[in-house]
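The values are calculated or read from the model by the stated rules, or taken from the named source; none is laboratory data. The structure presented is a predicted model; accordingly, all values stated were derived computationally and were not measured. Cβ coordinates were reconstructed from backbone atoms using ideal geometry, including for glycine residues, and neighbour counts include every protein chain displayed.
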Amino acid sequence: MVKRSGNYLFAALYGAASLLIVSIAGCSLINSPDNIQIRSALYNLKITEINYHPSDEGTVAGDEYEFIELKNAGDSSMDLSNVAFTNGIEYNFPSGTVVAAGKFIVIAANSSYFSARYGFAPFGVYTGKLSNSGEKISLKDLTAGKVFLSVEYSTTNPWPSSADGGGKSLVPVTAAESGDPDNASYWRASFKNNGSPDADDPGVVYVNEVLSNPASSGSDAIELYNPNSFAVNISGWLLSDSKVNPVKYSISSGTTIEANGYKVFYESDFNSSTTGFDLSSHGDTLCLFSDSMGTLNGNYYNEVTFGEIESGNSFGRYVTSDGYEQFVEQKSVTLGEANSGPHVGAVVISEIMYNPKNGRDEYIEIKNTGTETKTLYDESNPSNTWKIGGIDFTFPANTSIAGGGIILVVSNAIDTATFRATYSVPTGVQIFSKSVDLANSGDTVSLLKPETPYTEGTATITPYMVCESIIFSDASPWPGKADGTGSSLQRIDLDKYGNDPANWKSASGTPGK
């Protein structure tokens, strides 16, 4: 190794006090001068859209439609000369590349396919493909030899699943593009199918609350919520109970939802014409479509499904601790306001042993957290009893559970007397035997309550309401020690919502206690 000094060109470029170390054998640069700083303007460059796993189109593979969008978030033009993508994909911006303030630049995997889908050519074509399983993308200032912008995206929860081959791209949650882009909370799925290259993605709007079985004096109602920091004009948007027949109710011209605001539509709005619709009290689907210039453009955004619910209660949007969106029964109806949060009944699923160490002793425990006895059947139709979904168990006729009481449903691979003795289950705890074979990688266990039968044609139908449904997994953030170690899943707080991994722990099984 040698120290070079007295190089006047180098001194003119980098300062006389700079030190440059080279290898004699290869004459390669070992370190660039520390005083070469990243151009400050480059910090205003943002990665504003990543379409890493586009949907296929006919015989064309989705990765041919990949693209990355950058935006100059500054207030003056930006020179991208000597800037390059150096990780994930490879692309050097040509000398003289300038992006105006507030404008975008899009590079893609294939210019021809991109142009066919979006109607304009990308600025450039990169080398390589974006990983469908997640990776780090880096932008480097080649003059300084330093990375100034990177994003490490993922496909695992809570990253938006619809961006992983579901027709959406990754875009920032807010137009301000502030926060940590390596964090899933920074991103959402695009509003538009196939994304919105070379433009800000439109603001999202959610179906936030639905009243499908109002009290006798009430009306079906649909609440939309604008989570953005800016107003969203929803003129001409469509509401429907059918994904294949969207044109049922068109929202009036001039309808705007203010920032962080709500808009409620009643049945007198969406069922006032021959094309209108109502909401079934026995469960339905509700779709929100965007509309552009009066013609449906396919930019379907939000769909919710819901089931049976008792009169006067509503369903609402809820986001779990790990980022999953759910549409569940609410504590109370709050149309036009923030949701009240998930309703939790008195009878709950309190413990799940889905993969016992001996491979035999699976069980599900339910508990009555209240003080009053609960009958596990429809008192007006006693033959219609509660069920546990996931194991296809129907409670016997006339079963009830006392206040504070516990019921166990145990695998029939072990007789109930042996199970009671093995786990010292108190004598007052009812034990029922059933073939319990929950998937060791995760499964769904639901508590189902029969509602009033109704007729449909010549058939009599007994609807069942989901009192609660636990969708568990052996993967993080669910407790992994419950998978085959002798521990069970145990609910931490019986009064809090159950279908959230934050409310479960793993511990040695305590059936009936």
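Before moving on, here are some points about what is shown:
- Among the residues of region 67-81, those identified as of a type outside the set (A, V, I, L, M, F, W, C) and in contact with a strand residue (DSSP E or B) (Cβ under 7 Å, 6 or more places away or on another chain) are Glu69, Lys71, Asn72, Ser77, Asp79.
- Taken over region 470-507, the criterion of being under 21 Å from Val344 (Cα atoms), in contact with a helix residue (DSSP H, G or I) (Cβ under 7 Å, 6 or more places away or on another chain) and without any contact (Cβ under 8 Å) to a residue 40 or more places away in the chain is satisfied by Trp478, Ile492, Asp493.
- Qualifying residue in region 459-472 (condition: in a helix (DSSP H, G or I), of a type in the set (Gly, Ala, Ser), under 28 Å from the mean Cα position of the chain (by Cα) and buried (at least 18 other Cβ atoms within 10 Å of the Cβ)): no
- Residue that is part of a loop (DSSP other than H, G, I, E, B), out of contact with any strand residue (DSSP E or B) (no Cβ under 7 Å at 6 or more places or on another chain) and in contact (Cβ under 8 Å) with a residue 40 or more places away in the chain, where the choices are Pro181, Pro158: Pro158
- Any hit, region 166-177, residues being outside any helix (DSSP H, G or I) and either without any contact (Cβ under 8 Å) to a residue 12 or more places away in the chain or within 17 Å of Ser321 (Cα to Cα) (or both): no
- Which numbered condition Ser332 fails, given (1) assigned to a strand (DSSP E or B); (2) without any contact (Cβ under 8 Å) to a residue 24 or more places away in the chain: (1)
- Filtered residue count, region 238-256, keeping only those that are under 23 Å from the mean Cα position of the chain (by Cα) and surrounded by 14 or more Cβ atoms within 10 Å (Cβ to Cβ): 4
- Positions within region 102-150 being among the acidic types (Asp, Glu) and part of a loop (DSSP other than H, G, I, E, B), in sequence order: Glu135
- Region 430-443, residues that are outside any loop (DSSP other than H, G, I, E, B), in contact with a Phe, Trp or Tyr (Cβ under 8 Å, 6 or more places away or on another chain) and not aromatic (Phe, Trp, Tyr): Ile431, Lys434, Gly442, Asp443
- Selection within region 168-185 - at pLDDT below 90 and within 18 Å of Glu69 (Cβ to Cβ): Val173, Thr174, Ala175, Ala176, Glu177, Ser178, Gly179
- For region 186-227, the set of residues classified as of a type in the set (Asp, Glu) and more than 21 Å from Lys331 (Cβ to Cβ) consists of Asp198, Asp200, Asp201, listed by residue number.
- Considering region 282-312, the residues that are hydroxyl-bearing (Ser, Thr, Tyr) and more than 21 Å from the chain's Cα centre (by Cα) include one that is modelled with the lowest pLDDT, namely Thr295.
- The number of residues in region 249-269 that are under 17 Å from Phe230 (Cβ atoms) and among the β-branched types (Val, Ile, Thr) comes to 3.
- Subset tally (residues that are of a type in the set (S, T, N, Q) and at pLDDT below 95) for region 313-325: 2
- Residue identified as in contact (Cβ under 8 Å) with a residue 12 or more places away in the chain, under 23 Å from Gly486 (Cα atoms) and either charged (D, E, K, R) or in contact with a Lys or Arg (Cβ under 9 Å, 6 or more places away or on another chain) (or both) among Ile401, Ile391: Ile391
- The criterion of at least 3 residues that are under 28 Å from Tyr497 (Cα atoms), of a type in the set (Val, Ile, Thr) and touching a Phe, Trp or Tyr at 6+ places or on another chain (Cβ under 8 Å) is met, among strands (runs of 3 or more DSSP E) falling completely within region 350-429, by 406-411.
- Scanning region 191-209 for residues that are closer than 15 Å to Ser55 by Cβ and of a type in the set (D, E, K, R) yields one hit, Lys192.
- Residue within region 319-339 that is within 22 Å of Asn440 (Cα to Cα), outside the structural domain of Gly428 (by TED's automatic domain parsing), surrounded by fewer than 21 Cβ atoms within 10 Å (Cβ to Cβ) and of a type outside the set (Gly, Ala, Ser) present: yes
- Residues of region 479-513 satisfying the condition of being surrounded by 18 or more Cβ atoms within 10 Å (Cβ to Cβ) and in a loop (DSSP other than H, G, I, E, B): Pro479, Tyr497, Gly498, Asn499, Asp500, Gly509, Pro511, Gly512
- If only residues of region 340-357 that are surrounded by 16 or more Cβ atoms within 10 Å (Cβ to Cβ) and among the polar types (S, T, N, Q) are counted, the one that is nearest to Ser400 (Cα to Cα) is Ser350.
- Val147 in contact (Cβ under 8 Å) with a residue 60 or more places away in the chain and not polar (S, T, N, Q): yes
- Hits in region 392-440 - residues which are small (Gly, Ala, Ser), surrounded by 12 or more Cβ atoms within 10 Å (Cβ to Cβ) and closer than 17 Å to Glu362 by Cβ: Ser411, Ala413, Ser433, Ala439
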